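Right, one structure below, let's go through it.
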Amino acid sequence: MEIGVTLIVHNKIGILHRITGIISKLGGNIIYTQQFIREEGTGLIYMEIENIEDGDILLNTLRRVEGVLEVEIHSTLKKIFGKRIIIIGGGAQVSQVALGAIIEADRHNIRGERISVDTIPIVGEENIANAVLSVEKLPRVGLLVLAGSLMGGKITQAIRRLKERTGIYVISLKMFGSVPKVVDLVVTDPVQAGVIAVMTVAETAKFDINKVRGKVI
């Protein structure tokens, strides 16, 4: 079983080392972590941990660590927010893809799925290429949609690298440039692209992108 743990701590050297040491001694394996500095000299640490047999022991032990102010055990972000659809590209196209994705995600989430939609309207070959490469570093990503009128060059290279290094599916709108040649599926209508993106990752859908891979619809 996987659990989520959120800690509010003093921003001091060694605090993360002490926390991870306790988790290790209790047999826990940290599968995801994120930390950042908050106001007034405090920081927030979020972890997803597996193999913890007794959450109460972990909770009480962490509360006794010097520098730990608050500890909470809860569901993981994967369980709360589920799989992520990432939409990158021009503002008008992104908004229409998001419209279709959100409507379709709502339909599946009502039936017990957890699918979230993230967007970033952005322009420029360099900016979009960097955003595509950064998708690999984001947790819970199931599919990337590229929404625009013209994409190629460094963006195409970034897609190739992303697909080589991950199992993330990539859909693009029908557009000029070389991007449509390297994605899994090209969709003409942006709203339909959002719908198909969600159907691809949803466990309650019967759509299989592998059966239409390389096509333009």
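The values are calculated or read from the model by the stated rules, or taken from the named source; none is laboratory data. Note that the structure is predicted; figures quoted are calculated from it, not measured. Positions of Cβ are generated from backbone atoms using ideal geometry, with glycine treated the same way; all protein chains shown enter the neighbour counts.
I'd like to verify a number: residues in the stretch 184-197 that are under 14 Å from Ile87 (Cα atoms) and surrounded by 21 or more Cβ atoms within 10 Å (Cβ to Cβ), how many? The number of residues fulfilling the criteria is 7. Checking Ile87, Ile49, Ile103 one by one, the residue that is in contact with a strand residue (DSSP E or B) (Cβ under 6 Å, 6 or more places away or on another chain) and closer than 30 Å to Ile196 by Cα is Ile87 and no other. Is at least one residue of the stretch 46-59 touching a residue at least 40 places away in the same chain (Cβ under 8 Å), within 13 Å of Val9 (Cβ to Cβ) and either out of contact with any helix residue (DSSP H, G or I) (no Cβ under 7 Å at 6 or more places or on another chain) or loosely packed, with under 14 Cβ neighbours inside 10 Å (or both)? Yes, the stretch 46-59 contains a residue that is touching a residue at least 40 places away in the same chain (Cβ under 8 Å), within 13 Å of Val9 (Cβ to Cβ) and either out of contact with any helix residue (DSSP H, G or I) (no Cβ under 7 Å at 6 or more places or on another chain) or loosely packed, with under 14 Cβ neighbours inside 10 Å (or both). Taking the criterion of being over 19 Å from Thr33 (Cβ atoms) and either under 28 Å from the mean Cα position of the chain (by Cα) or among the β-branched types (Val, Ile, Thr) (or both), the only residue of the stretch 55-81 that qualifies is Ile57.
If you check Val141, Val132, Val117 for being modelled with pLDDT of 90 or more and over 19 Å from Val182 (Cβ atoms), only one passes: Val117. Every listed requirement among (1) in contact with a Leu (Cβ under 7 Å, 6 or more places away or on another chain); (2) farther than 30 Å from Leu146 by Cα; (3) touching a residue at least 60 places away in the same chain (Cβ under 8 Å) is met by Ile22 save one, (3).
Among the residues of the stretch 48-85, those identified as modelled with pLDDT under 90 and touching a Pro at 6+ places or on another chain (Cβ under 9 Å) are Leu77, Lys78. Kindly indicate the residue of the stretch 136-161 that is of a type outside the set (Val, Ile, Thr) and crowded, with 20+ Cβ neighbours inside 10 Å and also farthest from Val201 (Cα to Cα) among those meeting that condition. Residue satisfying both the conditions and the ranking: Met151. Checking each residue in the stretch 92-113 for being more than 21 Å from Pro190 (Cα to Cα) and surrounded by fewer than 16 Cβ atoms within 10 Å (Cβ to Cβ) picks out Ile110, Arg111, Gly112. With the structure loaded, tell me whether Ile30 is over 30 Å from Ala147 (Cβ atoms), assigned to a strand (DSSP E or B) and touching an Asp or Glu at 6+ places or on another chain (Cβ under 9 Å) or whether it fails that test. Yes.
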